[in-house]
Amino acid sequence: MEVLLPLLLACSLLFTIATPIRDITDVCASQINDFQHLNSSGLHLTLHHPQSPCSPAPLPSDLPFSAVVTHDDARIAHLASRLANNHPTSPSSSSLLHGHRKKKAGGVGGWQASTSSVPLTPGASVAVGNYVTRLGLGTPATSYVMVVDTGSSLTWLQCSPCSVSCHRQAGPVFDPRASGTYAAVQCSSSECGELQAATLNPSACSVSNVCIYQASYGDSSYSVGYLSKDTVSFGSGSFPGFYYGCGQDNEGLFGRSAGLIGLAKNKLSLLYQLAPSLGYAFSYCLPTSSAAAGYLSIGSYNPGQYSYTPMASSSLDASLYFVTLSGISVAGAPLAVPPSEYRSLPTIIDSGTVITRLPPNVYTALSRAVAAAMAGAAPRAPTYSILDTCFRGSAAGLRVPRVDMAFAGGATLALSPGNVLIDVDDSTTCLAFAPTGGTAIIGNTQQQTFSVVYDVAQSRIGFAAGGCS
């Protein structure tokens, strides 16, 4: 079994192995086993907010909100770069491995030359806005804490022997040698050929003909390793022959999670690989940070409880979920902008972005309308980073106007105070929206507590209130 990366050059890098740390034991310990199960309606998993005390891999409790905003901006910049140039750059541009490790002389035993539009260098953790769940892998199965991302396709996790680097994670690192069903994927496989579309980075090939993936994210975090195949499991349900990345060089990523589950529209995503058994649909409810848990389900759903908007088609990136925002109202009054302003930018819905981004004129109208509705009810507070509509107090303690976001087809998100404002510290809360000149994004603050279904088979997205209850 090929588990040693022949592509590494400096001996100092060969044995950088993360020290496993104990799983979280606290008042939410009973939540860690979750309610994973597979039944006639599909696969059902527990979903945790990244800052929930019940998360099996929580972010630091003292993480300042400024860090959340910084990483959120990095994610937005990465998405913008991806949509502006969704193909690999020419060999003359920044190499995927430039500045991190040198290629062996002549390339023998090393990574094949490859490039990416996003330079990959060690960076601070990203994805502070992503929710987490658990995934079982191998035979016998071992459970791992994973970030869930609708904006990514390839699922990957850290793998022993962590030939270059692994970040600290909750629980042990996956050891492919301990699984009776593990197999490395050859470069000649069709799945290796799918990596370009799944990661927007070209695949590479080891001297032993094992396919190498390269996945990059905002703030220069990345994972590089072997494309692999094994049995994936969730509770009592197992699915053999699942393709994923077995990460040997994982830099600056995701706190204490083991890796990432990709749910985008791509042949290598978890959704598409399980679809022959479960169907091309998934739904979730994103809980707030104070809630114990939400859920992620793959498979059938109750169609009668949702209002729907069509998935919009876009040539920018076939794997992302585009929608059409058609209007916003504050306290029942539509914003004073022409309908064309909402369509001035392409719009995606994303589980990992915290702050919703709107076309500039739409944002300005929303900011003014919310500020006017709250005039006299809450004193204004100074701008906080990119958030320029702030108030003294907390979202829960203020009289916040209802904000409705309308989408093509009649679907509406009727936002509660916690979906409109976000607390940035103990005494300040801000409008959880910001302007953008690039792609508009419906972020997870506005989605919290709603049930959201992505029905790829019928090309529609549905919303229903009270999803986490």
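The values are calculated or read from the model by the stated rules, or taken from the named source; none is laboratory data. All figures in this text were calculated on a predicted structure; none of them were measured in a lab. In this analysis, Cβ positions are derived from the backbone assuming ideal geometry, glycine residues included, and neighbour counts consider all displayed protein chains. Quick note on the areas: whole protein, heavy atoms, side chains included, nothing else; ligands and nucleic acids left out. Shrake-Rupley method; radii C 1.70, N 1.55, O 1.52, S 1.80 Å.
Those strands (runs of 3 or more DSSP E) of the range 213-277 in which 3 or more residues are under 14 Å from the mean Cα position of the chain (by Cα) occupy 259-262. Out of all the residues in the range 418-431, which are part of a strand (DSSP E or B) and crowded, with 17+ Cβ neighbours inside 10 Å? Answer for the range 418-431, where residues must be part of a strand (DSSP E or B) and crowded, with 17+ Cβ neighbours inside 10 Å: L421, I422, D423, V424, T428, T429, C430, L431. When the range 196-222 is filtered for residues that are of a type outside the set (A, V, I, L, M) and under 19 Å from Q186 (Cα atoms), the ones remaining, listed by number, are Q196, T199, N201, P202, S203, C205, S206, S208, N209, C211, Y213, Q214.
For the range 223-236, the criterion of being acidic (D, E), open to solvent by less than 10 Å² (accessible area, probe 1.4 Å) and in the same structural domain as S289 (by the TED database) is met by at least one residue. Within the range 309-350, the set of residues being acidic (D, E) and touching a Leu at 6+ places or on another chain (Cβ under 7 Å) comprises D317 only.
Hey, among the residues in the range 285-315 that are surrounded by 17 or more Cβ atoms within 10 Å (Cβ to Cβ) and under 24 Å from A198 (Cα atoms), which one's nearest to the chain's Cα centre (by Cα)? By that ranking, first place goes to L296.
Scanning the range 365-417 for residues that are among the β-branched types (V, I, T) and either exposed (fewer than 15 other Cβ atoms within 10 Å of the Cβ) or not assigned by the TED database to the domain that holds T449 (or both) yields one hit, T383.
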